[in-house]
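Bear in mind that the values in this text are calculations on the coordinates, not laboratory data. Keep in mind it's a predicted model, so treat the numbers as computed, not measured. Don't worry about glycine lacking a Cβ; one is built from the backbone with ideal geometry, like all the others, and counts go over all protein chains shown.
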Amino acid sequence: TGTNKIATNGPRDVVLYGFGRIGRLLARLLIGKTGSGNGLRLRVVVVRKSSDNDLAKRASLWRRDSVHGQFHGTIAVDEANDVIIANGNEVKIIYSSDPTTVDYTAYGIKDAILIDNTGKWTDREGLSKHLRPGISKVVLTAPGKGDLKNIVYGVNNDTISADDNVLTCASCTTNAIVPPLKAIHDRFGIEHGHV
């Protein structure tokens with residue numbers, strides 16, 4: 001809102017690499033926000049195939065979460081095309097355990113943000129494997145190692161530059177405690193503390 005509003009020029013493709021609890025919660029959030037057609041658009045989920053009825057199991061887990069409850073909407077499965085349809089949005093499921101084998105442009109993906117929620121790679125070298133045709137940015141849903149920027153929105157997101165193509169989201173603990181600590185420190189100052 002206001003003068004710092006980010007103008008969008010149509011939808012931005014999103015690829016989820018991994019579909020555990022974090023991936024499924026991200027999928028719920030992304031599908032829930034697709035209404036305007038100008039935001040982030042979940043197009044693909046990349047996973048390892050675990051069984052013959054893998055797609056049906058993943059759809060069932062997306063539908064119901066033991067903590068967050070029912071998905072508010074519809075989930076259908078197109079087994080012939082490896083697609084889960086969530087609220088009318090087709091999400092292609094690609095089976096791969098190696099990010100260097102996927103050409104996302106073959107699925108119509110371009111300039112996408114890939115969100116790695118596997119935790120398998122946590123440094124620039126590993127996460128850069130995702131920078132494949134069709135992928136322009138990689139975001140890790142956990143703390144990164146080495147020279148990667150661990151971003152906490154509202155605290156240091158202003159350090160992100162257009163050249164940053166691999167970023168991390170820091171830890172859940174960091175995201176929970178740092179924003180209120182920043183507000184307290186900015187207003188009153190903090191001499192010392194323990195978390």
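Of all the listed residues (V166, V195, V91), the sole one being over 30 Å from A56 (Cα atoms), β-branched (V, I, T) and surrounded by 14 or more Cβ atoms within 10 Å (Cβ to Cβ) is V166. Exactly one residue out of L148, L167 is assigned to a strand (DSSP E or B) and more than 18 Å from R48 (Cα to Cα), and it is L167. Restricting attention to the range 136-178, the residues being at positive phi and out of contact with any strand residue (DSSP E or B) (no Cβ under 9 Å at 6 or more places or on another chain) number 2. Taken over the range 64-77, the criterion of being of a type outside the set (S, T, N, Q), without any contact (Cβ under 8 Å) to a residue 40 or more places away in the chain and loosely packed, with under 15 Cβ neighbours inside 10 Å is satisfied by R64, V67, G69, A76.
Of the listed requirements (1) touching a Gly at 6+ places or on another chain (Cβ under 8 Å); (2) under 21 Å from R124 (Cα atoms), N165 misses just one: (1).
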